[in-house]
1. Within segment 64-82, does at least one residue satisfy the condition of being assigned to a loop (DSSP other than H, G, I, E, B), within 15 Å of the chain's Cα centre (by Cα) and crowded, with 23+ Cβ neighbours inside 10 Å?
2. Tell me which strands (runs of 3 or more DSSP E) are completely within segment 224-319 and hold 2 or more residues being modelled with pLDDT of 90 or more, or say none if there are none.
3. Looking only at segment 172-199, count every residue that is at pLDDT below 95 and assigned to a loop (DSSP other than H, G, I, E, B) and tell me the total.
4. If the requirement is being in contact with a Gly (Cβ under 7 Å, 6 or more places away or on another chain) and among the small types (Gly, Ala, Ser), which of these qualifies: 60, 87, 116, 106?
5. Please go through segment 97-114 and give me each residue that is aliphatic (A, V, I, L, M) and in contact with a helix residue (DSSP H, G or I) (Cβ under 9 Å, 6 or more places away or on another chain), ordered by number.
6. Being touching an Asp or Glu at 6+ places or on another chain (Cβ under 7 Å) and among the charged types (D, E, K, R) is the requirement here; does residue 121 meet it?
7. In segment 104-132, which residue that is of a type in the set (Val, Ile, Thr) and assigned to a strand (DSSP E or B) is farthest from residue 72 (Cα to Cα)?
Amino acid sequence: MSGHEHTEQPMTTPPGTHSDPHDQPRRLPSERQLPRVDAAIDAGHAHAHADAWLADVTVGYGDRPAVEHVSLAVEAGSLLALVGPNGSGKSTILKLMAGLLRPWSGRVEVLGAEPGREARRIAYVPQAELVDWQFPVTVADVVMMGRYPRLGPLRRPGRDDRRAVTAAIEKVGMAAFAGRQIGALSGGQRRRVFLARALAAEPDLFLLDEPVTGVDATTQEDLMDILEGETRRGKTVVASTHDLACVAERFARVAFVNRTVIAHGPASLVLDADVLARAYAGHLLVVAGQAIPIDDAHHHDQEAPGETHFHDDLPPHRH
């Protein structure tokens with residue numbers, strides 16, 4: 001983030017890595033160096049202006065690595081999509097930024113500090129909420145949970161908290177459902193509510209795992225409008241998604257992930273056949289010369305032992 005002072009040595013771009021995906025086209029796509037940072041911004045500058053910064057990070061679950069040698073700088077005010085095949089590490093990268101995982105090696109810095117140090121300024125929304133859908137909590141109750149880090153020791157919401165909750169519920173179009181029990185909502189309505197909870201936290205950094213997966217077109221457009229609006233206010237949004245059309249149309253930047261960062265640059269990279277081939281590998285179907293990613297949106301990176309997931313409109317399952 002601009003304004004932070006950094007004494008660490010900035011990560012360096014590996015020798016031979018080209019920032020422009022077309023600066024030295026080669027006969028074989030497998031030989032091409034894919035983009036990792038903007039051509040006009042060196043690695044040190046990217047670090048100094050990053051809200052989230054990962055340098056040569058490896059981490060996993062148990063003794064099995066999930067991502068290896070990940071380097072990524074997310075500039076303040078970005079609307080960044082993380083894309084890649086199932087199990088590629090997108091959720092793991094979000095957990096690293098949220099401070100839920102510690103790297104085995106490498107460095108992670110979020111909002112100018114170690115992950116977790118600025119937790120009040122971060123809103124993390126996992127793909128699979130840990131929710132008992134039968135529990136008697138209302139939409140307003142769930143959104144108020146976003147204010148908990150800001151409440152005093154008695155955990156009693158004040159006027160500002162109630163105002164923030166009301167504004168967030170209205171922004172996602174759920175004002176008429178504020179008193180509705182959370183389990184009575186549709187999957188798309190639940191997505192709206194969990195985004196409202198994130199908005200109520202008034203964060204500087206949003207970390208969203210599949211926020212628009214499985215929702216109708218209207219809900220997707222509404223949620224993307226909200227996220228774009230947050231970035232115009234200077235907030236940073238990092239969201240994983242399987243919808244490459246949505247990335248091309250609504251996101252500003254994209255990072256392709258497949259156990260490491262394959263490419264990172266403008267959202268137009270989703271139209272780059274070489275990038276798609278390298279990122280999705282055997283997960284591609286070629287039709288009339290067009291490469292189409294084949295994926296299952298309801299798949300997670302490996303979870304930590306004992307982690308339980310509850311999907312929208314599906315019964316709970318345990319790992």
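1. Start the filter on segment 64-82 by keeping residues that are assigned to a loop (DSSP other than H, G, I, E, B), which leaves 76-78.
This time we only want the ones that are within 15 Å of the chain's Cα centre (by Cα), so: 76-78.
When the remaining residues are screened for being crowded, with 23+ Cβ neighbours inside 10 Å, the result is none.
Among the residues of segment 64-82, not one is assigned to a loop (DSSP other than H, G, I, E, B), within 15 Å of the chain's Cα centre (by Cα) and crowded, with 23+ Cβ neighbours inside 10 Å, which makes the answer no.
2. Values: elements: 236-240, 253-257, 261-266, 284-287, 290-293.
Here the list reads 236-240, 253-257, 261-266.
3. Matching residues across segment 172-199 total 2.
4. Values: 60 fails: in contact with a Gly (Cβ under 7 Å, 6 or more places away or on another chain); 87 fails: in contact with a Gly (Cβ under 7 Å, 6 or more places away or on another chain); 106 fails: in contact with a Gly (Cβ under 7 Å, 6 or more places away or on another chain).
None of the others qualify; the one that does is 116.
5. Initially, segment 97-114 is screened for residues aliphatic (A, V, I, L, M), giving 97-98, 100-101, 108, 110-111, 113.
Correct list: 98, 100, 101, 108, 110, 111.
6. Working: touching an Asp or Glu at 6+ places or on another chain (Cβ under 7 Å): yes; among the charged types (D, E, K, R): yes.
So residue 121 fits the description; yes.
7. Residue satisfying both the conditions and the ranking: 125.
Here's the yes/no breakdown for (1) in contact with a Phe, Trp or Tyr (Cβ under 7 Å, 6 or more places away or on another chain); (2) surrounded by 13 or more Cβ atoms within 10 Å (Cβ to Cβ):
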{"site": "122", "(1), (2)": "no, yes"}
{"site": "134", "(1), (2)": "no, no"}
{"site": "139", "(1), (2)": "yes, yes"}
{"site": "158", "(1), (2)": "no, no"}
{"site": "163", "(1), (2)": "no, no"}
{"site": "179", "(1), (2)": "no, no"}
{"site": "207", "(1), (2)": "yes, yes"}
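The values are calculated or read from the model by the stated rules, or taken from the named source; none is laboratory data. Keep in mind it's a predicted model, so treat the numbers as computed, not measured. All Cβ positions, even for glycine, are placed from backbone atoms using ideal geometry, and neighbour counts span all protein chains on display.
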